[in-house]
1. Any chance you could count how many residues in segment 25-39 are free of Cβ contacts under 8 Å to residues at least 40 places away in the same chain and under 20 Å from Lys209 (Cβ atoms)?
2. Does Gln279 qualify as being surrounded by 15 or more Cβ atoms within 10 Å (Cβ to Cβ) and more than 15 Å from the ligand (Cβ to nearest atom)?
3. From Gly86, Gly81, grab the single residue that is closer than 18 Å to Lys236 by Cβ, of a type in the set (Gly, Ala, Ser) and open to solvent by 10 Å² or more (accessible area, probe 1.4 Å).
4. Can you tell me how many residues in segment 111-134 are buried (at least 18 other Cβ atoms within 10 Å of the Cβ) and assigned to a helix (DSSP H, G or I)?
5. Does Ala108 count as open to solvent by 20 Å² or more (accessible area, probe 1.4 Å), in the same structural domain as Gly77 (by TED's automatic domain parsing) and among the small types (Gly, Ala, Ser)?
6. Being surrounded by fewer than 22 Cβ atoms within 10 Å (Cβ to Cβ) and touching a residue at least 40 places away in the same chain (Cβ under 8 Å) is the filter; apply it to segment 211-229 and report the residue that is nearest to the chain's Cα centre (by Cα).
7. Scan segment 56-93 for residues that are within 13 Å of the ligand (Cβ to nearest atom), in contact (Cβ under 8 Å) with a residue 24 or more places away in the chain and part of a loop (DSSP other than H, G, I, E, B) and report the count.
8. In the list Leu90, Leu75, which residue meets the criterion of being within 23 Å of Gly183 (Cα to Cα) and touching a helix residue (DSSP H, G or I) at 6+ places or on another chain (Cβ under 6 Å)?
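The values are calculated or read from the model by the stated rules, or taken from the named source; none is laboratory data. As the structure is a computational prediction, the values presented were derived from the model and not from experiment. Don't worry about glycine lacking a Cβ; one is built from the backbone with ideal geometry, like all the others, and counts go over all protein chains shown. Note: areas computed on protein heavy atoms with side chains; ligands, DNA, RNA excluded. Shrake-Rupley method; radii C 1.70, N 1.55, O 1.52, S 1.80 Å.
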Amino acid sequence: MRTLTILLAAAAMACLMAATAVAATTLTYANFPPASTFPCIQMERWKDEVEKRTGGALVIQTFPGSTLLGAKNMLRGVQTGQADIGCISLPYYPGVFPAMSALNLPVAFASTTVASLTMWDIYQKYQPAELAEVKVLTVFTSAPSNIMSRVPIRQLSDLRGVELRASGSVLDILSALGARGVGMPMSQTPEALQKGVVKGLVSSFDVLKDFNFAELCRFETITNLPVYPFAVIMNKARWDSLPDDVKKTLDDLGRDQALWTGQYLDRHIHDSLEWSREQYQVEVFTLTGAEHEEIRVMSAGLIDQWKADALKAGLDADAILADMLALKAKYEAEQGE
Ligand code: DTR
């Protein structure tokens, strides 16, 4: 009798486990930078929200730090199903995203929250063909880009000949200002800095703390260069296989996640700079009004270049740009910027 009870209990347990296994779908989510950085912090928040909102029907298995896919093979890896979900930084794929790269233009975004919400609305309105082969789950941007370097850049003329790591439009702006821009994804930057291949980098200040770049880069120059747009994309066939209620839950989370990430990063860049001041006594330089104007004039050509490329890709460049600027102004007013 005892044996029978044990057997029955074991059988019941096995059925329960099988039922749970059938009910829960696991999706893999790849990311390229280390777990401590903001693209991965937002990934963990998205995972927690999804698991909560679907009551455990979806389980998200996260892979930070290029353990499943890296910065450059992320797009292809998601399209071919090596990962179900992946996080891409659009400026790492020159020419691939003619519409959404508008967010990388020098239009003086000062807030990540504003830039991320603007990006979400632009994506929703235009649904550009460049992202049609994947499902876009959410989008967000980095904060405005500044210089972090091992040599002091007190004024724009100090940039002459200095090798600085960047990507996308920031690379072009650096060349226009006489610096030597070196293009590479963020995930390769720690090694390039260590080895002295570059003397610094241009990105948002979160990386001072999250990569501990403040230890090597004791000099920070506030330049307010463009933000970098990101998209979280999912394999299309895998998306199509999800039940409608789960799809709706993920769709409902998209804008909320963009807002959450923007607010997180806006807070975090301040914490990171404060931490760097306390931990490493970093020096922070500000430029004069005339120097900011010089940056604006030197980078204005990028907007025309973007327009020409967007037109070539069959896009209504003027409409996208006008909408982006109108949304930026709207969200700035709403956020009290
Ligand atoms: N500024 C972009 C994006 C970026 C900002 N912080 C991080 C952290 C980890 C990866 C990317 C980014 C860049 O320099 O790539």
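1. Here is the first cut: in segment 25-39, the residues free of Cβ contacts under 8 Å to residues at least 40 places away in the same chain are 26, 35.
Imposing the further condition that a residue be under 20 Å from Lys209 (Cβ atoms) reduces the set to 35.
Total satisfying the criteria: 1.
2. So Gln279 fails the test.
3. Working: Gly86 fails: open to solvent by 10 Å² or more (accessible area, probe 1.4 Å).
Just one listed residue meets the conditions, Gly81.
4. Just the residues of segment 111-134 that are buried (at least 18 other Cβ atoms within 10 Å of the Cβ), to begin with: 111-123, 126, 128, 130-131, 134.
With assigned to a helix (DSSP H, G or I) added as a condition, the list becomes 112-123, 126, 130-131.
Total satisfying the criteria: 15.
5. Values: open to solvent by 20 Å² or more (accessible area, probe 1.4 Å): yes; in the same structural domain as Gly77 (by TED's automatic domain parsing): yes; among the small types (Gly, Ala, Ser): yes.
Judged against the criteria, Ala108 is a match.
6. Of segment 211-229, the ones surrounded by fewer than 22 Cβ atoms within 10 Å (Cβ to Cβ) are 212, 215-216, 218-219, 222, 224.
Those still in the list that are touching a residue at least 40 places away in the same chain (Cβ under 8 Å) too: 215-216, 218-219, 222, 224.
Working: Glu215: 23, Leu216: 23, Arg218: 24, Phe219: 24, Ile222: 20, Asn224: 17 Å.
Per the stated criteria, the residue is Asn224.
7. Keep residues of segment 56-93 that are within 13 Å of the ligand (Cβ to nearest atom), which gives 64-66, 70-72, 74, 87-93.
Of the ones still in play, those that are also in contact (Cβ under 8 Å) with a residue 24 or more places away in the chain are 64-66, 70-72, 74, 87-92.
Next cut, part of a loop (DSSP other than H, G, I, E, B) only: 64-66, 70-72.
So the answer is 6.
8. Working: Leu75 fails: touching a helix residue (DSSP H, G or I) at 6+ places or on another chain (Cβ under 6 Å).
On inspection, the qualifying residue turns out to be Leu90.
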